[in-house]
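Worksheet: one structure, shown below.
The values are calculated or read from the model by the stated rules, or taken from the named source; none is laboratory data. The shown structure was predicted, so the numbers you read here are calculated from the model rather than taken from an experiment. Ideal geometry is used to build each Cβ from the backbone, glycine not excepted, and the neighbour counts take in all protein chains shown. These accessible areas exclude ligands, DNA and RNA; they are computed on the full protein's heavy atoms, side chains included. Shrake-Rupley method; radii C 1.70, N 1.55, O 1.52, S 1.80 Å.
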Amino acid sequence: MAASYLTLVASLPYLPPFERAERSPITRLRLEQRLHILEADDARQLAKAEALVSWRMSLAKPKTDTEMVQRYRAVLREISHPALREFIEFRMDQQTILAGLRQRNAGLDPSCLTGIAGASRWAGFIASHWDDPDFKLAKIYPWIPEARSFLEANDAQALDRLLMDIIWRRLSRMAESNSFGFEAVFAFVFKWDILQAWLARDASNAKSRFQDLIKEVKNVS
């Protein structure tokens, strides 16, 4: 039976939609203190997943496609929680599709995807449908045409907003599937990561976030 984290989930603050947030309702330090309640295996799996697919990867980005695929496969071997595996696979699928769009937009041919063939079920499919504007995947991923248009317009902020929103909504659905289970916990963590990444774009918030962090450190007992 899956662990119930009612106390942990109840202790987490409300996360406002990332686009409308002026500040984070909780620092990473405080969040880590809450996460100490996690069972050891859940904490280990969450740490592995964060290092691989969080918006602001805590580990250095892989230097090569081969290294990235090896890391992905190694992490998946250690992730036994079905919903967390599903989320990791979703993120890797999204990143693979985006890589295809970027590479094609840069004028490359489908051979550029050879190195990441093991990171997503769609790599070979994308290569086979390289000449289709949306790789014949728009029915499965309706966001592809919009992402493509942002890429073609070099609108990085709009593209990030779109991708973040897709992930945010998926995490919300996962959390709702088990409101006081591990799903709700890891959904919060990854949504918090998205919110932090979005806030980091706004230089006007940098000083207040730094001051909040200093206050948190001073208040640690």
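Just a few scattered comments:
- Answer residue from segment 96-121, given it is within 20 Å of residue 150 (Cβ to Cβ) and small (Gly, Ala, Ser) and is nearest to the chain's Cα centre (by Cα) among those: 99
- The number of residues in segment 4-37 that are farther than 28 Å from residue 201 by Cβ, outside any loop (DSSP other than H, G, I, E, B) and out of contact with any helix residue (DSSP H, G or I) (no Cβ under 7 Å at 6 or more places or on another chain) comes to 3.
- Of all the listed residues (137, 171), the sole one being outside any loop (DSSP other than H, G, I, E, B), of a type outside the set (Ser, Thr, Tyr) and either more than 25 Å from residue 125 (Cβ to Cβ) or in contact (Cβ under 8 Å) with a residue 12 or more places away in the chain (or both) is 171.
- Number of positions in segment 1-27 that are charged (D, E, K, R) and either free of Cβ contacts under 8 Å to residues at least 12 places away in the same chain or touching a strand residue (DSSP E or B) at 6+ places or on another chain (Cβ under 7 Å) (or both): 1
- Taken over segment 74-133, the criterion of being under 25 Å from residue 48 (Cα atoms), not small (Gly, Ala, Ser) and not in a helix (DSSP H, G or I) is satisfied by 79, 81, 121, 122.
To keep it simple, each residue is scored yes or no on (1) among the aliphatic types (A, V, I, L, M); (2) in contact with a Lys or Arg (Cβ under 9 Å, 6 or more places away or on another chain); (3) farther than 29 Å from residue 183 by Cα.
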{"site": "77", "(1), (2), (3)": "no, no, no"}
{"site": "81", "(1), (2), (3)": "no, no, no"}
{"site": "85", "(1), (2), (3)": "no, no, no"}
{"site": "127", "(1), (2), (3)": "yes, no, yes"}
{"site": "137", "(1), (2), (3)": "yes, no, no"}
{"site": "145", "(1), (2), (3)": "no, no, yes"}
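- Residue identified as small (Gly, Ala, Ser), open to solvent by 20 Å² or more (accessible area, probe 1.4 Å), within 14 Å of the chain's Cα centre (by Cα) and under 29 Å from residue 47 (Cα atoms) among 177, 172: 172
- Selected residue (criterion: farthest from the chain's Cα centre (by Cα)) from residues of segment 128-144 that are under 12 Å from residue 97 (Cβ atoms) and open to solvent by less than 90 Å² (accessible area, probe 1.4 Å): 129
- Within segment 38-73, the set of residues being surrounded by 13 or more Cβ atoms within 10 Å (Cβ to Cβ), in a loop (DSSP other than H, G, I, E, B) and either under 15 Å from the mean Cα position of the chain (by Cα) or modelled with pLDDT of 75 or more (or both) comprises 38, 54, 55, 57.
- Top-ranked residue in segment 145-158 [being at pLDDT 95 or above and buried (at least 17 other Cβ atoms within 10 Å of the Cβ); ranked as nearest to residue 201 (Cα to Cα)]: 150
- Any hit, segment 95-110, residues being free of Cβ contacts under 8 Å to residues at least 12 places away in the same chain and buried (at least 16 other Cβ atoms within 10 Å of the Cβ): yes
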